[in-house]
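Values quoted throughout were computed directly from the atomic coordinates according to the rules given, and no laboratory measurement underlies them. What you see is a predicted model, and the numbers here were worked out from it, not measured in a lab.
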Amino acid sequence: MAKKAKRQTQRSVTTATPDSEITSTPGSSRGIDRNFNPDYSYVIKDLKRIGLLAGFFFGVLIILSFFL
C-alpha cells in the first residue's frame with residue numbers, strides 16, 4: 001500500500017490595522033444601539049402552535065397504536 005503524500009498549504013498572513021488608523025464618520029458609534037428592541041411575539045405564537053400540533057399528532061399516533 002502506497003503512502004499518501006502530505007500536501008502543504010500556504011497560510012496567508014493578514015496585518016491588522018490599529019484602531020487609530022480607522023476613520024469613522026461623526027455620529028457613527030461602535031457601541032450597542034440601546035434603542036434596538038425587536039418584537040418576537042409572532043415567533044412565540046408560532047412556537048406554541050407547533051408545540052400544540054406536535055402534541056396532538058403524538059397523541060393521535062399513541063391512540064392509533066392501540067387499535068392497529
Can you tell me how much longer the chain between I50 and F36 gets when fully stretched, taken as 0.36 nm per residue apart minus their C-alpha distance, in nm with one decimal? 2.3 nm
Linear extension gain, K3 paired with L64, 0.36 nm per residue minus alpha-carbon span: 16.2 nm
Kindly write out, for the stretch 52-68 in residue order, the coupling ³J(HN,Hα) from the Karplus curve 6.51 cos²θ - 1.76 cosθ + 1.60 (θ = phi - 60°), rounded to whole Hz, with x marking Gly and Pro. 5, 5, 5, x, 4, 5, 5, x, 4, 5, 5, 5, 5, 5, 6, 8, 9
